[in-house]
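Structure first, commentary second.
The values are calculated or read from the model by the stated rules, or taken from the named source; none is laboratory data. These numbers were taken from a predicted model, which means no experiment stands behind them. With ideal geometry, Cβ positions are generated from the backbone for all residues, glycine too; neighbour counts draw on all protein chains shown.
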Amino acid sequence: MSKLWGGRFTKKTDQLVEEYTASITFDKELAEEDIQGSMAHVTMLGKCGILPLEDVAKIKDGLQQVLAMIRKGELEYTIANEDIHMNIEKTLIDLIGPVGGKLHTGRSRNDQVATDMHLYLRKRVVEFVGLLQKLQEALIAQAKANIDTLVPGYTHLQRAQPILLAHHLMAYVSMFERDIDRLKDSYKRINVLPLGAGALAGTTFPIDRHYVAELLGFDGVYENSLDAVSDRDFIIEFLASASTLMMHLSRMSEEMVLWMSTEFGFIELDDAFCTGSSIMPQKKNPDVAELVRGKTGRVYGNLVGLLTVLKSLPLAYNKDMQEDKEGMLDTVRTLQGALQLFAPMVATMKVNKDRMRQAVNQDFSNATDIADFLVNKGLPFREAHEVIGKTVLYCIQNGKFLLDLKLEEFLQFSELFDERIYDVLQPEAVVNARNVYGGTAAPQVSAAISRAEAAIADTATWVEEYLERAHKTV
């Protein structure tokens, strides 16, 4: 079979070269986007008088036939046709004859593939924002159900101060809100059209790039043809945002794994999101959380890989840039799987409130509040810090906790202690004393939930608007 570009060549391509350079094994995932871009392109060619309208109608009908074949799984992709663009064009020509070859008028595979990736990635970004919204909703539902549940707060994985479990969960809602902001902001760079840049210098045909952008729902076109075909910043930005998002999911996964262990016993994940052991019948393993934690590394690798590919490339297009797709596609699949599983896993998570409360009662996480008690009586904080350090040491040496001490024992460390210290030391009092914006007191957490729900409503509106645009057809 002769190549669609083979006129200049006198020898067949070596079979190993065909296999090594072909990208159809992975870029076939861009098939629908390739059709979407081609429909807009040929529509523009007809509007501008570059192709007769009867040819345009024939090509568009043929493209619809190819699209139907793709959706039914009937299109046979071949390595001989190298990539998704050539496979579709060859199929189109087989269906409607030589007129199908006119589709490529005024464009190159260089601007065509860039357009496909812009179309593909903008859909995924909007979908991921929607999935993050669902995850936030699951976290908020758990926060509302645990607005009075106390849990140790940690620094250095050592118990630090008691907090509300709802406050802890809302920390992840805030992280994911930043992830949403990053993805929404990246959409602005993704939603720019490179088509019309040709191979690198534009085209001699009197095309209308802005009309194509309008047809496809793009906000604008690339200003510079060289930049249009060589830019992969939008993919790097997505991979960076995805890496940060996976890092957040991984941190939460780590806490789920720890908290589900017998040593913590704070939560239990639903059976639907766990697996068993082939040899130990008592085991219930948090495999989903562990895999999300593990797959974070491959997303990081995809980001570093593309940065490395691009770091020394001269303008404009180079074959190296074929390496931009596998990492992007892999990250999309990885992120999609993680987000689809995480929301229901969080929603069905069972919280052991009694075990959390027991942990709060059996530690020294209320020590800071004793220091504040002494400070309010006029003792400098550094002196109060030393007093409480000695008090805690005394408790450790005598097998007691702070609430176990009698007033006489407190007084041996400072004469400023009085009966009110027992009210100050109650875990609920410790939590509710932190009634500042962003703090763990119940009124502040409730206010944070209300703010987050308002942000989620705004996100839902954004997703609805942009999802329609991202899937716009011609």
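Descriptive notes on the structure:
- Residue-level analysis places ARG159 among those that are charged (D, E, K, R) and at pLDDT below 95.
- Any hit, region 429-437, residues being surrounded by fewer than 16 Cβ atoms within 10 Å (Cβ to Cβ) and under 31 Å from the mean Cα position of the chain (by Cα): yes
- Test for LYS144: is it closer than 30 Å to PRO427 by Cα and of a type in the set (D, E, K, R): yes
This table checks each residue for (1) over 23 Å from LEU183 (Cβ atoms); (2) of a type outside the set (D, E, K, R); (3) surrounded by fewer than 18 Cβ atoms within 10 Å (Cβ to Cβ); (4) modelled with pLDDT of 95 or more.
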site	(1), (2), (3), (4)
MET260	yes, yes, no, yes
GLY276	yes, yes, yes, no
ARG298	no, no, yes, yes
ASP324	no, no, no, no
GLN336	no, yes, yes, yes
MET345	no, yes, no, yes
LYS353	yes, no, yes, yes
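- Selection within region 44-70 - closer than 18 Å to PRO206 by Cα and surrounded by fewer than 20 Cβ atoms within 10 Å (Cβ to Cβ): GLY46, LYS47, CYS48, GLY49, ILE50, PRO52, LEU53, ASP55
- Qualifying residue in region 335-342 (condition: under 22 Å from ASN146 (Cβ atoms) and assigned by TED's automatic domain parsing to the domain that holds GLN136): yes
- Among the residues of region 76-119, those that are under 16 Å from ALA228 (Cβ atoms), in contact with a Gly (Cβ under 8 Å, 6 or more places away or on another chain), of a type outside the set (S, T, N, Q) and in a helix (DSSP H, G or I) comprise ASP111, ASP116, LEU119.
- When each of ALA289, ALA228, ALA242, ALA272 is tested for being surrounded by fewer than 16 Cβ atoms within 10 Å (Cβ to Cβ) and not basic (Lys, Arg), the lone residue that passes is ALA272.
- Neighbours by Cβ (under 8 Å, 6+ apart or cross-chain): first from region 51-70, touching a residue at least 12 places away in the same chain (Cβ under 8 Å); second of a type outside the set (Phe, Trp, Tyr) and not in a helix (DSSP H, G or I): LEU51/THR105; ILE59/LEU51; VAL66/LEU75; MET69/LEU75
- Flag if LEU245 is at pLDDT 95 or above, among the hydrophobic types (A, V, I, L, M, F, W, C) and more than 30 Å from ASN285 (Cβ to Cβ): no
- Candidates GLU223, GLU255 - the one that is at pLDDT 95 or above, surrounded by 15 or more Cβ atoms within 10 Å (Cβ to Cβ) and of a type in the set (Asp, Glu): GLU255
- Qualifying positions in region 292-311 - in contact (Cβ under 8 Å) with a residue 24 or more places away in the chain, closer than 18 Å to ARG333 by Cβ and either among the aliphatic types (A, V, I, L, M) or out of contact with any Gly (no Cβ under 6 Å at 6 or more places or on another chain) (or both): VAL292, ARG293, LYS295, THR296, ARG298, VAL299, TYR300, GLY301, LEU303, LEU306
- So LYS390, is it farther than 13 Å from TYR422 by Cβ and part of a loop (DSSP other than H, G, I, E, B): no
- Any chance PHE128 is of a type in the set (Phe, Trp, Tyr) and within 13 Å of the chain's Cα centre (by Cα): yes
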